[in-house]
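A short write-up of the structure that comes next.
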Amino acid sequence: MAERAPYDLVLRGGQVVTASGVVTADVAVRDGKIAALGADLPAGRVERSAKGRYVLPGGVDSHCHVEQMTAAGIMNADTWESATRAAAFGGTTTIIPFAAQHRGMDLAEVVQDYHLRADRGALVDYAFHMIITDPSPKTVQKDLPALIRSGHGSIKVFMTYDPLIVDDAGILKLLQVAKAEGAQVCVHAESHDMIHWATARLLAEGKTAPRHQAESHPRLAEYEAIGRLIALAELVRHPVMIFHVSTAEPLSLIRDARARGATLWAETCPHYLFLTDAVMDKPGTEGAKWMCSPPLRTEADQAALWQALRAGDLDLVSSDHAPFRYDASGKLAAGPGATFKQMANGMPGLGARMPLLFDAAMRGRLTLPQVAELGAEAPARIYNLQDKGRIAPGADADLVLWNPEARTVLSDDTVQDGTGYTPYPGRDLIGAVEAVYLRGQPVVNEDRLQVQPGHGRFLPRGGGDAAIWQEKAV
Ligand code: DUC
Ligand code: ZN
Ligand code: ZN
């Protein structure tokens, strides 16, 4: 009887990229896990040359919105299938979108509903953050603890938006529950009242076009809310994840808080790194394609965010994929005369995130190990996805082969998600995804999808270390 090859798959002789460096190595896979890394490993049942290619961990996108309804009742442009298709083609194999409670909704039912749709449609693996907009006694005392214990280890709260805002008292209550149950708390931190004030002034002056949306979210609104959030976290002594940092000034708040011993995390997103608000200066309503919240900022902010990523002041890069079509089903749902305030915020990003980061490494803005860290290892570690985001024996064999000789030109015609446009039309990126493996199985190969909806698995997780306030001597 023929002997079984020791491995199911061996990727031979690639440049293997982890957060700690780049080495030439074979990567061997058995039973969906990375079994060995090294030179001249024994044969696999399937052999593939990775010579001249970089092998990176499958991306982990820890902040994206999938098949999510806005408070105004607009379903975003993606199904689970289209969103995870975009993720897979863009080298991302794990996502953490949201199960979004709107006011009056039963949180347990909301989570069950998102599960049903995800379980049917997902092509890549996933977990959820639970958005809490209604910290009622039932949510806080009953549903939330039960859901955290069943593997939903993080929540998101908003400090702004009329239909979503949780006030400081509510945030303190949620931090307390999260602390007791070992859950993580992610926060959209912008001052509601400052946005309200700025928006009212702009609308009164007739400045209703999408490009004014950027002015309606003053940079001080982010600074003030992040400072307040850090104070709330320090009061309860429970960590927070500061979502989508877009401006330079809060970086010093983050550094100072850490220097005095606070435990916290912070992310930024590709659109703040690669775009400025100048892109919104388009005729008519076209600027709406780039409306997001917090909004696009300036070149000086971009430079500060890149520096913060290199310095470790920001921990990871998520897409904040929030897709709305540029038509009456999405951005233009409120009709032709709508003001920016009536248009949905957000832009697509699941597919472009890792290609943009890989390109940044090829152009010397980051190193490849930083790309592995910011795009995969850090989000997996912070969100307690222990088998994900790493190329190491025992981890899930989520692997992406990148060809540094190829180019990827982003265009509306090639987007894989449901949005129908890219925020980066015409951008020419160095590098291209050649193959994507999830748990050792090909998901994308030579530009073809290899799996069916439902292939993705739910990843139950607790809050992990990121839900524990680390007592540091300072
Ligand atoms: N916040 C997000 O995190 N995503 C999209 C819109 C928003 O306000
Ligand atoms: Zn947000
Ligand atoms: Zn978001």
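Readers should treat all values here as calculations from the given coordinates under stated rules, not as data from a laboratory. This is a predicted model, so every value here is computed, not measured. Here the Cβ positions follow ideal geometry from the backbone for every residue, glycine too, while neighbour counts run over all protein chains shown.
Overview of values
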read-out: For segment 320-473, fraction of C-alpha pairs farther apart than 29 Å, in %; value: 31
read-out: Segment 247-297: C-alpha gyration tensor shape, a/c 1.5 cut-off, then a/b vs b/c; value: prolate
read-out: Whole-Hz ³J(HN,Hα) from phi, Karplus 6.51 cos²θ - 1.76 cosθ + 1.60, for segment 42-57, glycine and proline x; value: x, 5, x, 4, 10, 10, 9, 6, 10, 4, x, 10, 9, 10, 10, x
read-out: With Cα atoms, 0 to 90° folded angle of helix 353-362 axis to the chain main axis; value: 70
read-out: DSSP beta bridge pairing in the chain, given as percent antiparallel to the nearest 5; value: 50
read-out: Value of Rg/Rh across segment 40-115 [Cα atoms, Kirkwood radius]; value: 1.19
read-out: Neighbourhood net charge (11 Å Cβ-Cβ; Lys/Arg +1, Asp/Glu -1) for ARG381; value: -2
read-out: Acute angle (nearest 10 degrees) that the helix 219-236 long axis makes with the longest principal axis of the chain, alpha-carbon atoms; value: 80
read-out: Residues ALA328 and ALA303, FRET efficiency given R0 of 56 Å [Cβ-Cβ distance, rounded to 0.05]; value: 0.90
read-out: Lysine pairs with alpha-carbon atoms under 16 Å apart, the chain, spacing 8 or more or separate chains; value: 12
read-out: Segment 387-444: radius of gyration over Cα atoms, expressed as a fraction of 2.2 N^0.38 Å; value: 1.38
read-out: For LEU429, residues with placed amide H under 5 Å, excluding near neighbours; value: THR408, VAL409, LEU410
read-out: Prolate/oblate/rounded label for segment 59-370 (Cα gyration tensor, a/c 1.5); value: rounded
read-out: Mean separation of Cα contacts under 8 Å (6+ apart) over length of the chain, as relative contact order %; value: 23
read-out: Proximal charge balance of LYS207 [Cβ under 14 Å; K/R count +1, D/E count -1]; value: -1
read-out: For segment 295-307, 3J(HN,Hα) per residue [Karplus equation, 6.51 cos²θ - 1.76 cosθ + 1.60, θ = phi - 60°, Hz, x = Gly/Pro]; value: x, 5, 10, 10, 5, 5, 5, 3, 4, 5, 5, 4, 4
read-out: Descending semi-axes in whole angstrom, ellipsoid equivalent of segment 344-412, from the Cα gyration tensor; value: 23, 17, 12
read-out: 10 Å-binned pair-distance histogram of segment 296-383 (Cα, whole percent); value: 15, 37, 26, 18, 4
read-out: Phi-based couplings in Hz for segment 322-333 (Karplus 6.51, -1.76, 1.60; Gly and Pro marked x); value: 9, x, 9, 5, 8, 7, 5, 7, x, 4, 9, 4
read-out: Within the chain, helix-based [θ] at 222 nm, where runs of 4 or more DSSP H residues each add -39,500 (n - 2.57), nearest 500; value: -8000 deg cm²/dmol
